[in-house]
1. Restricting the search to the range 5-53, which residues are closer than 22 Å to residue 70 by Cα, in contact with a strand residue (DSSP E or B) (Cβ under 7 Å, 6 or more places away or on another chain) and modelled with pLDDT of 95 or more?
2. How many of the residues in the range 54-79 are more than 9 Å from the chain's Cα centre (by Cα), within 14 Å of residue 12 (Cβ to Cβ) and not in a loop (DSSP other than H, G, I, E, B)?
3. Within the range 12-53, take every residue that is in a loop (DSSP other than H, G, I, E, B) and touching a residue at least 40 places away in the same chain (Cβ under 8 Å) and give me the one that is surrounded by the most Cβ atoms within 10 Å (Cβ to Cβ).
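The values are calculated or read from the model by the stated rules, or taken from the named source; none is laboratory data. Fair warning: this is a prediction, and the values are worked out from it, not measured in the lab. FYI the Cβ positions are ideal-geometry reconstructions off the backbone, even for glycines, and counts take in every protein chain you see.
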């Protein structure tokens with residue numbers, strides 16, 4: 001499992017992009033898969049920073065990556081909002097699930 005924790009600043013999203021770059025390169029994903037993952041995960045992080053943490057310097061956003069068989073799981077977590085789970089199946093299309101706290105998917 002890979003994990004990073006970033007500050008609640010929009011310029012911190014570059015750290016998430018680097019994580020995604022490394023994961024996609026390691027898994028040798030094509031550009032379509034890479035683009036789908038990049039958009040979904042960065043949008044989730046963006047929403048966590050803006051709407052969840054409200055840019056608070058004291059709050060962090062955690063992104064975990066779990067690789068399993070033909071799936072890659074990205075989780076975006078903030079303390080108050082719970083978990084946003086993004087599951088990417090390499091042979092299939094992108095699936096975005098709702099947060100267990102009842103938040104909207106994107």
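1. 16, 19
2. 3
3. Initial filter on the range 12-53 (in a loop (DSSP other than H, G, I, E, B)): 28-30, 53.
Retained after the next criterion (residues that are touching a residue at least 40 places away in the same chain (Cβ under 8 Å)): 29, 53.
Numbers: 29: 18, 53: 21.
Within the range 12-53, the match that is surrounded by the most Cβ atoms within 10 Å (Cβ to Cβ) is 53.
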